[in-house]
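Colleague: Handing you this structure, nothing more for now.
The values are calculated or read from the model by the stated rules, or taken from the named source; none is laboratory data. These numbers come from a predicted model, not from an experiment. Counting neighbours? That spans all protein chains shown, and the Cβs are built from the backbone with ideal geometry, glycine included.
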Amino acid sequence: MLILLPPSEGKTAPTRGKPLDLATLSHPTLTETRSRVLKHLVTLCEGDERVAAQILGLGAKQLDLVGRNAMLTTAPTARADAVYTGVLYDALDFATLTPAAKRRASTRVGIASALFGLLSPGDRIPAYRLSGDATLPGIGSLAPVWRPVLGEAVAARLSGGLLVDLRSGMYANLWRPDPAAAAKVAGVRVLHEVDGRRKVVSHFNKSTKGRIVRALLEAGATPRTPAALADDLRDLGWHVEAKEPGPQGTELDVVVTDL
């Protein structure tokens with residue numbers, strides 16, 4: 001099983017640690033593409049910071065993030081599971097997992113990244129700012145850059161098991177599973193039900209997904225099909241409804257009543 005997480009816009013910048021070394025990151029087939037994206041991002045941010053901010057979708061009060069990007073090749077690094085913060089990562093809380101769950105996370109969790117493509121929790125990275133929908137001068141939209149190479153990296157990590165795809169739409173656009181493998185792909189959507197009406201609440205959707213991943217890792221669940229994943233989640237106390245399988249896999253709705 002591979003649980004594929006979105007990154008977080010918010011990150012904790014390491015204050016100490018070795019600088020970035022792309023050769024040490026997992027999924028070495030991505031090194032060349034990582035190098036290209038990194039080069040163009042740094043070059044952009046070494047120039048006019050206001051132009052860079054506009055291209056990166058940053059506000060006038062976020063110019064410090066442009067400066068951070070300009071220093072990516074020399075900035076300190078830390079484990080990706082410590083750098084990424086935000087609602088999902090706060091709920092998952094890698095640091096407080098049991099030793100066994102941490103070992104499982106090292107092989108069963110992947111983190112999507114606009115800059116690095118696919119990361120393992122233990123990969124050492126600097127804090128950066130680059131969204132999946134960005135268009136960088138000299139390289140263009142990121143989706144056509146990552147799509148040709150991410151499939152191989154995910155397949156190598158997955159080894160024929162179940163892909164639990166929790167990425168947001170922006171990062172799912174960087175690579176989508178082959179429809180031929182749809183039987184081994186599951187997505188999860190969290191719905192909040194009030195008075196018989198259901199809706200997606202972004203903050204709670206993320207936090208619930210973080211708790212779901214934590215529970216699966218702590219329980220040592222190893223589902224090999226979407227149906228088995230649904231059963232595991234029910235055993236862990238979630239109300240789960242499975243939709244009909246489609247070309248992108250099977251979507252599981254986790255319905256909650258309390259925020």
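Colleague: Among the numbered criteria (1) in a loop (DSSP other than H, G, I, E, B); (2) surrounded by 15 or more Cβ atoms within 10 Å (Cβ to Cβ), which one does Arg189 miss?
Modeller: (1)
Colleague: Here is a further query. Given Leu130, Leu163, Leu118, which one is touching a His at 6+ places or on another chain (Cβ under 7 Å) and in contact (Cβ under 8 Å) with a residue 12 or more places away in the chain?
Modeller: So the residue among Leu130, Leu163, Leu118 that is touching a His at 6+ places or on another chain (Cβ under 7 Å) and in contact (Cβ under 8 Å) with a residue 12 or more places away in the chain is Leu118.
Colleague: Could you figure out which of (1) surrounded by fewer than 14 Cβ atoms within 10 Å (Cβ to Cβ); (2) under 30 Å from Leu38 (Cβ atoms) isn't true of Ala153?
Modeller: Just one mismatch for Ala153, condition (1).
Colleague: Go through (1) farther than 29 Å from Gly220 by Cβ; (2) surrounded by 13 or more Cβ atoms within 10 Å (Cβ to Cβ); (3) among the hydroxyl-bearing types (Ser, Thr, Tyr) and name the single condition Thr74 misses.
Modeller: Among (1) farther than 29 Å from Gly220 by Cβ; (2) surrounded by 13 or more Cβ atoms within 10 Å (Cβ to Cβ); (3) among the hydroxyl-bearing types (Ser, Thr, Tyr), the lone unmet condition for Thr74 is (2).
Colleague: Are any residues in the stretch 1-32 of a type in the set (Val, Ile, Thr) and under 17 Å from Arg129 (Cβ atoms), and if so, which ones?
Modeller: Hit for the stretch 1-32 is Thr12, nothing else.
Colleague: Taking the stretch 158-174 as the search range and keeping residues that are modelled with pLDDT under 95 and within 16 Å of Thr107 (Cα to Cα), which one is surrounded by the most Cβ atoms within 10 Å (Cβ to Cβ)?
Modeller: Residue satisfying both the conditions and the ranking: Leu158.
Colleague: Here is a further query. So for the stretch 205-222 (the condition being within 30 Å of Leu30 (Cβ to Cβ), modelled with pLDDT under 95 and exposed (fewer than 13 other Cβ atoms within 10 Å of the Cβ)), does at least one residue qualify?
Modeller: Scanning the stretch 205-222, I find no residue that is within 30 Å of Leu30 (Cβ to Cβ), modelled with pLDDT under 95 and exposed (fewer than 13 other Cβ atoms within 10 Å of the Cβ), so the answer is no.
Colleague: Let me ask something additional. Please determine whether any residue of the stretch 81-91 is surrounded by fewer than 19 Cβ atoms within 10 Å (Cβ to Cβ) and of a type in the set (Asp, Glu).
Modeller: The answer is yes; a qualifying residue exists.
Colleague: Okay, moving on. Could you give every pair whose Cβ atoms fall below 7 Å, whose first residue belongs to the stretch 195-216 and is on the phi < 0 side of the Ramachandran plot, and whose second residue is of a type in the set (Ser, Thr, Tyr), counting only separations of at least 6 or pairs across chains?
Modeller: What qualifies is Gly210/Tyr89.
Colleague: I'm trying to understand the selection: among the residues of the stretch 122-171, which are in contact with a helix residue (DSSP H, G or I) (Cβ under 7 Å, 6 or more places away or on another chain), in a loop (DSSP other than H, G, I, E, B) and farther than 22 Å from Arg103 by Cβ?
Modeller: Once the filter is applied, which keeps residues that are in contact with a helix residue (DSSP H, G or I) (Cβ under 7 Å, 6 or more places away or on another chain), in a loop (DSSP other than H, G, I, E, B) and farther than 22 Å from Arg103 by Cβ, the stretch 122-171 yields Ala127, Tyr128, Arg129, Leu130, Ser131, Gly132, Asp133, Ala134, Pro137, Gly138, Ile139.
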